[in-house]
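Down below is the structure, laid out as structure tokens.
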Amino acid sequence: MPVSLTVDESLLRRMARDAAVYSLTRPWALVMWAVLAAAFAVSLVGAGAPGADALAAWLPLAVLALGAYAVWLTVANARRAVRAAMPPGARVWVSVEETALRIGAAKRTSEIPYRTFQSMRVGRDAVLLKVRDASVSTAIPRALLNDDDIASLRASIS
């Protein structure tokens with residue numbers, strides 16, 4: 001019988017945090033952060049230049065607001081996705097099998113072949129499995145997997 005746990009609000013928030021950190025540190029996200037940093041630096045130089053208009057003075061704040069909005073939107077989307085997959089109060093379980101990962105949440109059960117996943121990242125409260133050829137990930141509560149399960153997943157996915 002697989003290990004199971006009941007999802008609560010605290011676990012959802014912590015798993016969403018891990019998922020958001022994962023999303024915000026992906027290669028394309030790092031490119032976005034570099035572009036935002038460059039835009040911020042250029043806007044600061046432009047705001048301090050002689051003859052700069054009032055719009056140039058507000059541009060650094062607009063760039064910072066854009067970065068904050070990206071973080072807020074990522075966290076909100078991560079919370080929504082984790083909550084949809086594992087509603088509060090749902091009993092969740094995971095079984096690491098020979099060719100597939102079996103996940104149960106509430107009354108739903110999924111059997112996902114390991115070839116479906118491209119990579120995995122182990123956070124403090126969530127194990128995130130990136131789906132191959134897609135921009136989505138599957139989040140599993142870290143508490144459901146022991147070190148042997150994680151080693152088995154890594155070997156099966158890579």
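The values are calculated or read from the model by the stated rules, or taken from the named source; none is laboratory data. Please read these numbers as outputs of a predicted model, since none were measured by experiment. We place every Cβ from the backbone using ideal geometry, glycine too, and count neighbours over all the protein chains shown. With ligands, DNA and RNA removed, areas are computed over all heavy atoms of the protein, side chains included. Shrake-Rupley method; radii C 1.70, N 1.55, O 1.52, S 1.80 Å.
The table below lists the values:
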read-out: Share of carbon and sulfur in the accessible heavy-atom surface of region 1-118 [1.4 Å probe, %]; value: 67
read-out: Sum of -39500 (n - 2.57) over DSSP H runs of 4+, divided by residues of the chain (222 nm, nearest 500); value: -17500 deg cm²/dmol
read-out: Computed magnitude of the charge dipole of the chain (debye, nearest 20; Cβ of K, R +1, Cβ of D, E -1); value: 280
read-out: Under Karplus coefficients 6.51, -1.76 and 1.60, residue-wise ³J(HN,Hα) of region 88-94 in Hz, glycine/proline x; value: x, x, 6, 8, 10, 9, 9
read-out: Heavy atoms of residue 69: accessible area, 1.4 Å probe, square angstrom to 10; value: 120
read-out: Hz values of 3J(HN,Hα) by residue in region 70-82 - Karplus curve (6.51, -1.76, 1.60), Gly and Pro given as x; value: 4, 5, 4, 5, 5, 5, 4, 5, 5, 4, 4, 5, 5
read-out: Amide H partners (placed H, <5 Å) of residue 117, local residues excluded; value: 132
read-out: Where trypsin sites (Lys or Arg not before Pro) in DSSP loops with at most 11 other Cβ within 10 Å are excluded, longest remaining stretch of the chain; value: 1-106
read-out: Kirkwood Rh and Cα Rg combined as Rg/Rh, region 1-109; value: 1.24
